[in-house]
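J.: Pasting in a structure now, in structure tokens, and then I'll have a few things to ask.
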Amino acid sequence: MIATLRFFLFLSLVASSPLVLSQPAKPQLPTRTPDRVILNITDSPETSFAVNWRTDTTMTAGTLEWTVATDGPEYTKQVNRVAAQREFLKVRQDDGLKVIAHYFSGQVEGLTPGQQYVYRVGNMDAWSEWYQLRLPDMQHKKLSFLYFGDAQNEIKSMWSRVIREAFKTAPQVDFMLHAGDLIHNYDNDAEWGEWFYAGNFLHAMVPSLATPGNHEYNHGKLSPQWRPQFNLPQNGPRGVQETCYAVNYSDLKVISLDAIQIEHPLGRHKRQLEWLDSVLTNDPRKWTVVTLHYPVFSTAEGRDHEKLRERLKPLLDKHHVDLVLQGHDHSYGRGRVGNVPTGTTYNDRSSGTMYVVSVSGPKMYGLSDNPWMERRAANTQLFQVIHIEGDVLSYEAFTATGTLYDAFDLQKSAGKLNTLINKIPPVDERR
């Protein structure tokens, strides 16, 4: 009887708790069958795609098979094959367990924009299912992508609904952009497993564009899983390949900056900034989107990256970057600010750049009343859908329940700054 009462008392305490955190996940050990299959963005995503996957070490070779999609199963009769590159990785976890795996990567070039393809990965008797993707084609249709701020904590438990609601809201996107802090502990393989679990087949069907956050670093060391499990462009400056890079569509350039290295006190920022200036000077596009983890302007109380702003903002102003997508502050805010590098003046909008900070996971920080924000939110998990078609960039921010929370258009005119058209819905700000 006493044991029964204790059990029901325990249930009542759990039910009254505002947030029940799940137990730490255990690493998912690889097998012969490919897992963690992920499409990665390439430097020319309208004509190529890249795939990574993981197996145990008994699989010593990997193959990427691909072909044009058909209405029936006849596509299997004309399959192309690419031998994958292999990388060995051993990661010791906190409990002493060693996670040992082979990571494979393959890339296909010279494809047709707008064409639909199928692919699978594996070798011998161990294959993934066939996945399907359609390459983007900005010359004939709009480009769309999802943007997520930090997932970081309770990834399987509480971030899964966000990425899945995002896909339900915008199922035809061309890529997903992750603005850093995908996980909390940089080398924790169980957390990486949760991130792949949350996205599941979406990771294998929609290319990912990821920039590292401070939680992908530990004392200046990048997560050992980062480069093996992603296959990101290596066209950035020496030393920060696959964390600083450029992606080129016909009318859009997306640039990932390694914010942790830009803010580094030992001068590691110079190479990135020189590279950024050169890329935007010598190879511009109609639209430019920059993503980095640390915000140029903060949304949270007591947080400010003044050194990063002093180093980076003059270049963003010089090249009239259209949109900057950031994370780190675990709250939401967006707005346009002036050319003053220190950010002390907020009513000068002559640069035209729109800054956004967002969060998709459940970890939240206090929201500041910083005047640069035209729309803000506290304690809110969000995802963003961005469309680019011709001279218009359309932006929508949705809460985890799929409620439209913020929206605007940027209208581009030759020789002029972008015209901002606010479309904020009649929803009270969450403070």
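What follows is calculated from the coordinates using simple rules that are stated; it is not laboratory data. In this text, all values refer to a predicted model and were calculated from it rather than measured experimentally. Quick reminder, even Gly has a Cβ in these numbers, built from the backbone with ideal geometry, and neighbours come from all protein chains shown.
J.: Kindly check whether there is at least one residue in segment 388-402 that is more than 20 Å from Lys142 (Cβ to Cβ) and surrounded by fewer than 17 Cβ atoms within 10 Å (Cβ to Cβ).
T.: yes
J.: How do the pairs read when you match residues in segment 420-431 that are at negative phi with residues anywhere that are of a type in the set (A, V, I, L, M, F, W, C) and assigned to a loop (DSSP other than H, G, I, E, B), using Cβ under 6 Å and keeping only pairs 6 or more apart or on different chains?
T.: As it stands, the answer is Arg430/Ala378; Arg431/Ala378, since those pairs meet every condition given.
J.: Being more than 16 Å from Pro207 (Cα to Cα) and either without any contact (Cβ under 8 Å) to a residue 40 or more places away in the chain or of a type outside the set (Val, Ile, Thr) (or both) is the filter here, so list the residues in segment 155-169 that pass it.
T.: Within segment 155-169, Lys156, Ser157, Met158, Trp159, Ser160, Arg161, Glu165, Lys168 qualify.
J.: Among the residues of segment 130-155, count how many are over 13 Å from the mean Cα position of the chain (by Cα) and closer than 11 Å to Pro362 by Cα.
T.: Residues that pass the stated criteria total 3.
J.: Could I ask something else about it? Look at segment 59-93 and say how many of its residues are more than 26 Å from Ser223 (Cβ to Cβ), surrounded by fewer than 15 Cβ atoms within 10 Å (Cβ to Cβ) and not acidic (Asp, Glu).
T.: Number of matching residues: 11.
J.: So for segment 94-103 (the condition being closer than 24 Å to Cys244 by Cα and surrounded by 14 or more Cβ atoms within 10 Å (Cβ to Cβ)), does at least one residue qualify?
T.: Yes: one or more hits.
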